[in-house]
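The structure under discussion appears below in the form of C-alpha cells.
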Amino acid sequence: MGSTMKTFSKITLAAVIASSVALSACQKKEAEAPAALVESAPSSVAQVEKKLEFISEPLVTNIFTADPSAHVFNGKIYIYPSHDIESGIPQNDNGDHFAMADFHVLSMDTIGGEVKDNGEAINIKDIPWAGRQLWAPDAAEKNGKYFLYFPVKDKQDIFHIGVATSDSPTGPFKAEPAPIEDSFSIDPAVFKDGDGNHYMYFGGIWGGQLQRWATGTYNAADTYPGNDQPALSPKVAKLKDNMLSFAEKPRDLQILDKDGKPLTNGDNNRRFFEAAWMHKYNGKYYFSYSTGDTHNIAYAIGDNPYGPFTYQGVVLEPVLGWTNHHSIVEFQGKWYLFYHDSSLSGGQTHLRSVKVAELHYNEDGTIQTLNAFKK
Ligand code: FUB
C-alpha cells in the first residue's frame, strides 16, 4: 500500500515531552514522562528547538500500527500488530481511547526490504463475543494452520483472550465463538518450544485489568499488593494440541531478583506491567516485558518455559510515546527487536508505528540495551 501520511523523521523535544505527559491506555493521571526524557527537559519546552532523530523508521506509514508480534513462517517475516486509529474518544485511565477495531498483518521477505500491508485480517464485528478494544495480538502456526490470538473486552467490558484461525498467515481469520476458557487480561504471546509444545504468556496491570483477577475470579475493584509485597505476576499456560484452549489453569510466572526474591509491587523500574514475550537463546528462556509506568522493555532469564525467571536488565529504553511493547525474533542468523513509537504521529501516544532494529547479545548471554533515539 502506498503512504498517505507525512513521516515525521525529526520532531522537536517539546513534542516529545507533550506526548509523554499525555494520558495513555494503561496510564494513570499521576504517570510521569519517561525518566530519560524528563532528565533532558529544559525549563521552557516552548523554546526548545533540539531535533530528535530515531535509529529506525516506521515499517509502514499508510496506517498506524503498534504492539508488533513478529514470527518467521515459511522463511518470511510476518508481523501481527495492533491497528491504532483516531477514535475521537477522550483519554482516560482505562485507555478507552485505544479503541482499535481490526487487525492487519504485515509481511516482509527481508529486513530492510519492502513491507506489505496485507489488509484487514479480521474485524471486531466478526468476533461474536467482543464488545470493544482489540489490543495487542500474537499468532502461531501448527500443521499448516495459523492461529491469531487477541485480547478484547467482552460485552460486560471485561478483557479476555480470543483465538481465530486461518489457512493463511495473513488471514482472513475466523473467530471462535467464545473466548479461551480461563483466559483474562491482555497481551497474549505464544511461544513454541523446541519439543513442539506451545505456551501462552499474558497479562497487563492498570488498563489491562490483571489486578482484578488477584483472587482468581473477576472483581471489578482494582486490588494491588502493598509496595513491599511481590508484584502481580504475568501468567503462563500450555496450549492444548488443538491450539484453541489451555491445557491447564494459568500459572503465575515468577520474576526474581538476583537474590532469589520476587520483584515487589513498589519496584516500578523492574516489575512486570504488560507486553509479555518469550524467546529462547542458547538453550535459555528469555521472558521480556514492559515496565509500563517506567517505560522500559525489561527481561529475565529462566531454565524452562514456566520459570522462575531472574531479572537481568533492560532491552529497550523508553521510546517516544507512553507505551513500550516489542517482540524478539531470529531471522537468517541475526536477532531483531520489533517495537513501536509515536514518531509518525508527531508524538501522539495512541497513534503508534512499528519499527525494527537489530539486537545484540554479549558473550555471557545478556542483551545489549537499545535506545531508539540517535544520540
Ligand atoms: O495497544 C494497546 C495496549 O497498549 C497494549 O495492549 C499494551 O501492551 C500497550 O502497548
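Would you say residue 118 is touching a Gly at 6+ places or on another chain (Cβ under 9 Å) and open to solvent by 10 Å² or more (accessible area, probe 1.4 Å)? Yes: the conditions hold for residue 118. The requirement of being within 16 Å of the ligand (Cβ to nearest atom), under 24 Å from residue 93 (Cα atoms), of a type in the set (Ser, Thr, Tyr) and open to solvent by 10 Å² or more (accessible area, probe 1.4 Å) is fulfilled nowhere in region 271-292; no residue meets it.
For residue 66, indicate whether it is within 10 Å of the ligand (Cβ to nearest atom), crowded, with 19+ Cβ neighbours inside 10 Å and not in a loop (DSSP other than H, G, I, E, B). So residue 66 fits the description; yes. Taken across region 132-140, residues that are surrounded by fewer than 17 Cβ atoms within 10 Å (Cβ to Cβ) and out of contact with any Phe, Trp or Tyr (no Cβ under 7 Å at 6 or more places or on another chain) do not occur at all.
When 226, 204, 208 are checked against the criterion of being at pLDDT 95 or above and open to solvent by 20 Å² or more (accessible area, probe 1.4 Å), a single residue qualifies: 226. The set of residues in region 347-375 being surrounded by 23 or more Cβ atoms within 10 Å (Cβ to Cβ) and small (Gly, Ala, Ser) consists of 347, 353.
The residue list 333, 307 contains one member that is free of Cβ contacts under 8 Å to residues at least 12 places away in the same chain and either closer than 22 Å to residue 189 by Cα or small (Gly, Ala, Ser) (or both), which is 333. Within region 76-100, residues that are in a strand (DSSP E or B) have Cβ atoms under 6 Å from residues that are open to solvent by 60 Å² or more (accessible area, probe 1.4 Å) in these pairs: 76/109, counting only partners at least 6 apart in sequence or on another chain. With respect to the stated conditions, residue 181 fails to be open to solvent by 20 Å² or more (accessible area, probe 1.4 Å), within 23 Å of residue 238 (Cα to Cα), touching a Phe, Trp or Tyr at 6+ places or on another chain (Cβ under 6 Å) and in contact (Cβ under 8 Å) with a residue 40 or more places away in the chain. Got a sec? Which of 96, 102 is at pLDDT below 95, more than 11 Å from the ligand (Cβ to nearest atom) and over 20 Å from residue 346 (Cα atoms)? Matching residue, one of 96, 102: 96. For region 322-341, taking the residues that are away from the ligand (no atom under 11 Å from the Cβ) and assigned to a loop (DSSP other than H, G, I, E, B), the one that is surrounded by the most Cβ atoms within 10 Å (Cβ to Cβ) is identified as 332.
Evaluation of residue 170 against the conditions (1) of a type in the set (Ser, Thr, Tyr); (2) open to solvent by less than 20 Å² (accessible area, probe 1.4 Å); (3) under 20 Å from the mean Cα position of the chain (by Cα) shows that the sole unmet condition is (2).
The values are calculated or read from the model by the stated rules, or taken from the named source; none is laboratory data. In this text the structure is predicted, and so the values were computed from the model without any measurement. Cβ coordinates were reconstructed from backbone atoms using ideal geometry, including for glycine residues, and neighbour counts include every protein chain displayed. Accessible surface areas use protein heavy atoms only, side chains included; no ligands, DNA or RNA. Shrake-Rupley method; radii C 1.70, N 1.55, O 1.52, S 1.80 Å.
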